[in-house]
1. Can you go through 183, 153 and tell me which one is in contact with an Asp or Glu (Cβ under 7 Å, 6 or more places away or on another chain), modelled with pLDDT under 95 and not charged (D, E, K, R)?
2. Filter the range 100-110 down to the residues that are more than 18 Å from residue 123 (Cα to Cα) and either of a type in the set (Ser, Thr, Tyr) or without any contact (Cβ under 8 Å) to a residue 60 or more places away in the chain (or both) and list them by number.
3. Determine, yes or no, whether residue 124 is farther than 19 Å from residue 44 by Cβ and among the hydrophobic types (A, V, I, L, M, F, W, C).
4. Using the structure shown, decide if residue 4 is modelled with pLDDT under 60 and either among the aromatic types (Phe, Trp, Tyr) or within 18 Å of the chain's Cα centre (by Cα) (or both).
5. Within the range 25-48, can one find any residue that is over 24 Å from residue 103 (Cα atoms), in contact with a Ser or Thr (Cβ under 9 Å, 6 or more places away or on another chain) and modelled with pLDDT under 90?
6. Tally the residues that are crowded, with 20+ Cβ neighbours inside 10 Å, more than 20 Å from residue 188 (Cα to Cα) and at pLDDT 85 or above, restricting the search to the range 99-149.
7. Which residue pairs have Cβ atoms under 6 Å apart, sit 6 or more places apart or on different chains, and have a first residue in the range 118-142 that is closer than 22 Å to residue 161 by Cα and among the hydroxyl-bearing types (Ser, Thr, Tyr) and a second that is outside any strand (DSSP E or B) and modelled with pLDDT under 85?
8. Given the criterion in contact with a strand residue (DSSP E or B) (Cβ under 6 Å, 6 or more places away or on another chain), surrounded by fewer than 18 Cβ atoms within 10 Å (Cβ to Cβ) and modelled with pLDDT of 90 or more, identify the matching residue among 72, 67, 76, 80.
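The values are calculated or read from the model by the stated rules, or taken from the named source; none is laboratory data. Note that the structure is a prediction, hence the values are computed from the model and not measured. Glycine also receives a Cβ, built like all others from the backbone with ideal geometry; neighbour counts cover every protein chain displayed.
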Amino acid sequence: MKKYTVLLLLLSGCATIGMVSEVNINRDFPHHEIQRIAVLIFETSWQDQDKEETNSGFSKTIVSPDAGTVLADIIARELAKWGRYVVLDRSTLEKELKLVNLSEEDTLHSEDYLSLGKSIGVDAVVTGKVERFGVSYRSLSRRLVVSVKARVSFLARCIDVTTNEAVWSIKIDGTSKDDNERSLASKLIAKAVRTLKEEIK
């Protein structure tokens, strides 16, 4: 699998975005076989808040409870814009899953992608795991907030339902002082999908 790592510091006026993005593409996979895909809700594994005490104060991350759905929707939208795949929209996916007595939450820990793929009529599924999606801030005291920034960190994998092979994966870790987490995620995902588009012919 070939790996592309992009280190970016985007400066636009006073807006600053820091991003580390890794795009891995399975060069041995016949990419033309993947035509119809579904983006499943992403797994989230954190507690409500992450808090770290330091000698000079503390830092805290306030996380969004709907991060798994938000990121899945953004990736589905960007993949549909690409035009390479037919992407099941959220309502169609929910209907297809309901027909086989499943919910999106039921797919979070499933590894039976062949059965799932046949049930909903797709060649591949995109799964993901969210590490961070929310607002982080550092404080020197209870009253003095030093800095506030949005943070987005996740891994997404496109998996062939027949062979269980990873077709491609995207790993993103980004921060911004001027964007909220949804806007930041949209920018970072759009950039990663452009890399996929350039490298998968």
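1. Being in contact with an Asp or Glu (Cβ under 7 Å, 6 or more places away or on another chain), modelled with pLDDT under 95 and not charged (D, E, K, R) holds for just one of 183, 153, which is 153.
2. Result: 101, 102, 103, 106.
3. yes
4. It is true that residue 4 is modelled with pLDDT under 60 and either among the aromatic types (Phe, Trp, Tyr) or within 18 Å of the chain's Cα centre (by Cα) (or both).
5. Within the range 25-48, not a single residue is over 24 Å from residue 103 (Cα atoms), in contact with a Ser or Thr (Cβ under 9 Å, 6 or more places away or on another chain) and modelled with pLDDT under 90.
6. So the count comes out to 5.
7. 119/100
8. Only one candidate qualifies: 80.
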